[in-house]
Every structure is written in structure tokens, then in C-alpha cells.
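Every read-out reported here was derived from the displayed coordinates using simple, explicitly stated rules and does not represent laboratory data. None of these values were measured; they are calculated from a predicted model. Backbone-built Cβ (ideal geometry, glycine too); neighbour counts: all protein chains shown.
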Amino acid sequence: MQKVLFIDLMNMFVRCFSSIRLSNEDGLHVGGVFGTLNSLQSQIKMHSPDIVSVVWEGKGSSERRRRTLKEYKEGRKFRGLNRQFQYSQEDEKESFARQLQLLKGCLDTLPLYQPAVQYLEADDQIAYSCRQLFSKDYEKVIVSTDRDYFQLVDDHTKVYRPVKTKENPKGEMININWMLDKEKVHPINYALLKAIVGDKSDNIKGINGVGEVSVKKDFPILNFGVTTLDKLLEYAEDKLVEGETKYKKYVESSGLIERNYRLVQLLDIDVSLQSIQALEKCYENKKTKFNSYKLRINLLNENISPNNIDNWVSVFNSVLHEPIKF
């Protein structure tokens with residue numbers, strides 16, 4: 001069984017850009033591009049995939065969900081570089097754009113796939129790829145700190161969160177057992193939980209005063225079995241009829257929950273045939289190539305000279321170059 005590594009590129013790049021203190025000889029910040037490439041090779045080395053897909057946000061990717069909620073991702077702000085840098089907001093934006101462009105040039109030299117389908121967010125593309133294109137015949141690992149991917153976890157799909165803790169100094173691998181033991185929610189039910197509590201990062205408001213802990217306590221079915229939106233709301237209605245008044249807020253907010261579920265769920269996304277064909281075209285019968293010389297030149301042109309560049313080359317060269325056939 002071949003292993004596919006999916007990288008949520010913007011998630012990785014923003015983390016590196018915001019946290020890595022590194023400037024080149026010209027005094028320009030290069031932590032974003034260096035950190036992303038270094039993280040990418042580190043993830044490839046850790047997971048030993050046959051196929052690597054670095055997924056970009058598609059043009060106009062938020063438009064589809066904004067038809068349901070016009071405030072979706074509205075007001076989302078980039079918090080800027082870490083405290084070691086004192087750039088103006090304009091300089092930060094210029095640095096962000098410059099490094100992202102440089103990163104694209106470097107990624108184009110690597111033996112990986114770079115889907116960026118118009119009107120689809122990265123998580124939409126990864127979700128459809130995991131559930132439809134690379135289904136049971138592949139083992140899949142999604143690398144991202146975005147918890148929305150938890151709902152995609154199954155027997156063949158895991159989520160690796162590169163967040164270092166004392167318990168997990170190298171990050172956490174999220175599988176079904178982890179979800180049941182620590183998150184206390186079955187993966188398929190995770191979108192239901194988010195539909196109730198909302199998602200501040202995407203400007204999706206949940207039920208006022210309701211947090212994840214209380215929802216998990218009020219709906220034990222989220223952990224003990226796979227349920228649906230209709231069953232969840234029916235459960236709340238039955239409990240209210242039985243006299244448990246705490247379920248009144250769920251019943252009265254059923255419209256809000258239904259709307260939020262359409263926004264957050266990735267299990268059955270609304271994807272046009274044109275988008276599906278565009279996504280398939282990014283992978284099928286497309287042979288990837290590795291141009292290590294051009295990678296080195298791109299980095300040198302920006303005065304970036306990684307000490308472990310030979311290790312990078314060795315790791316990137318380990319990825320499968322043969323075309324994919326679904």
C-alpha cells in the first residue's frame with residue numbers, strides 16, 4: 001500500500017514565516033521559505049511517503065462558503081512576525097509575498113504535486129483527494145495544525161500535528177484511538193461538535209456560552225458511535241421532551257447548527273465536476289521531476305545556504321517519481 005503525504009502549504013508557511021528568525025546577507029527575512037522547505041524535508045524523512053502533495057489555496061477559495069455565511073473568514077488578520085522582528089505592516093506583507101513567490105519557485109523543482117483548484121480551499125482538496133482519489137488503496141497522512149482535518153481520520157487516514165509538547169516533543173499523530181481517548185469524539189462526529197461551538201479562526205459563531213466540554217458531556221453519542229446531524233438534533237429534542245431543559249438551547253439553535261455544519265464538514269463537500277476534473281488532472285499521469293541543481297540556484301540567488309542542503313537533496317530524491325494512475 002503506497003503512502004501519500006498531504007501538506008497544507010499555507011498552514012506550514014504561515015507558521016514558519018511567523019516564528020523562524022532568519023535573515024540572509026542582505027538583511028531580508030527568509031525564515032518563511034527556509035523553514036517551509038526544512039519542515040517539508042523533515043516530514044518526508046519522518047513519514048517516508050511514496051507520494052507528496054503540497055496543496056495550495058485555490059483562487060477565490062472562500063467564495064463558496066461565503067454564499068452561506070458572508071462573514072466567513074472576514075476580518076482574519078495575520079499577526080505578523082515574532083517579537084524578534086520590528087517590521088512595519090507593509091514590510092511584513094511585502095516579505096510574505098516575496099517569500100511565498102520564492103517558495104513556489106523552489107517547490108517547482110521538487111518531485112511533488114501542487115494542486116491549487118479554483119474555488120476550493122486546501123482542506124476541500126485534501127478531503128476529496130483522501131476520500132475519493134486516494135481511497136482504500138492508499139495510506140494517507142495529512143500534515144497540518146488545523147483541527148478541521150480531524151473529521152477525515154479513519155483506518156487509512158491520519159493527521160500529523162507538528163505541535164511540540166512535553167508529552168510529544170516531535171508532534172502528535174492523530175488516529176481513531178487518539179480521537180476516542182483524548183478528543184472524546186469519533187472522527188466522523190467532529191464536524192458536528194464544531195457546528196455547535198463554532199470556529200473563531202474562520203469567524204463562524206456557535207451557540208453563545210457553549211464550549212466543547214459541555215457539548216461532549218451533553219451528547220455522549222459523539223464518542224460512542226457514528227451519528228448524523230438529524231440524529232443529533234433528534235436526540236436533543238427527545239431530551240427536552242423528557243424535561244432536561246439544558247437541551248433547549250440546542251433545539252432553539254438548530255438552524256445555526258445546520259448552517260455551521262454545511263460550513264465546517266469535509267466529508268461530503270459540494271464540488272463541481274469541473275473542479276473534480278481539475279483536481280484529478282493535478283495528479284493523474286503526471287510524472288514529477290527533481291531538479292536539485294535548480295533548487296540550489298534558487299536558494300543561492302536569495303543568499304540562502306542551508307548547512308544540510310545535501311541532506312535535503314537526499315530526502316527529496318527519495319520520493320516516488322512515477323506517474324499516478326487512479
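Estimated at 0.36 nm per residue, the fully extended path between Asp181 and Glu242 surpasses their Cα-Cα distance by 19.0 nm.
Taken over the range 187-264, the alpha-carbon convex hull comes to 86 cubic angstrom per residue.
With the cut-off at under 14 Å, measuring from each backbone N in the range 267-284 to a point 7 Å along the Cα-to-Cβ line of Val226 picks out 267-268. Using a cut-off of under 11 Å, list every residue of the range 31-73 whose amide N is near the label point 7 Å from the Cα of Asn24 along the Cα-to-beta-carbon line. Only 31, 33-34 pass the distance filter. Subtracting the Cα-Cα distance of Thr68 and Ser201 from their residue separation scaled by 0.36 nm leaves 46.2 nm.
Were the residues from Asn285 through Glu212 laid out at 0.36 nm apart, the gain over their Cα-Cα distance would be 21.9 nm.
Set against the labelled values [x] 21.2, 71; [y] 18.8, 58; [z] 18.7, 64, Rg and Dmax of the Cα atoms in Å computed from this structure falls on [x]. Treating r as the C-beta distance of Gln101 and Val251 and R0 as 35 Å, the FRET efficiency rounds to 0.10. In order along the range 197-202, the Karplus-derived 3J(HN,Hα) couplings, from 6.51 cos²θ - 1.76 cosθ + 1.60 at θ = phi - 60°, round to 8, x, 9, 4, 5, 9 Hz, and Gly and Pro are given as x. Scattering from the range 91-146 was approximated by placing one identical point on each alpha carbon and applying the Debye formula without solvent; log10 I(q)/I(0) at 0.18, 0.26 1/Å stands at -0.85, -1.15. If R0 equals 41 Å, the separation of the Cβ atoms of Arg147 and Ile297 corresponds to a calculated FRET efficiency of about 0.60. The GluC sites (Glu not before Pro) of the range 156-257 that meet both conditions, a loop assignment by DSSP and at most 14 other Cβ atoms within 10 Å of the site Cβ, are Glu167, Glu242, Glu244. To the nearest ten degrees, helix 254-264 and the longest principal axis of the Cα atoms of the chain are 20 degrees apart. Here's how it looks for Ser61: its modeled amide H is under 5 Å from those of Tyr119, which are all 5 or more places away or on a different chain.
Taking amide H as placed 1.01 Å from N in the peptide plane, the amide H of Asp199 sits under 5 Å from that of Ile204, Lys205, Gly206, each at least 5 places away or on another chain.
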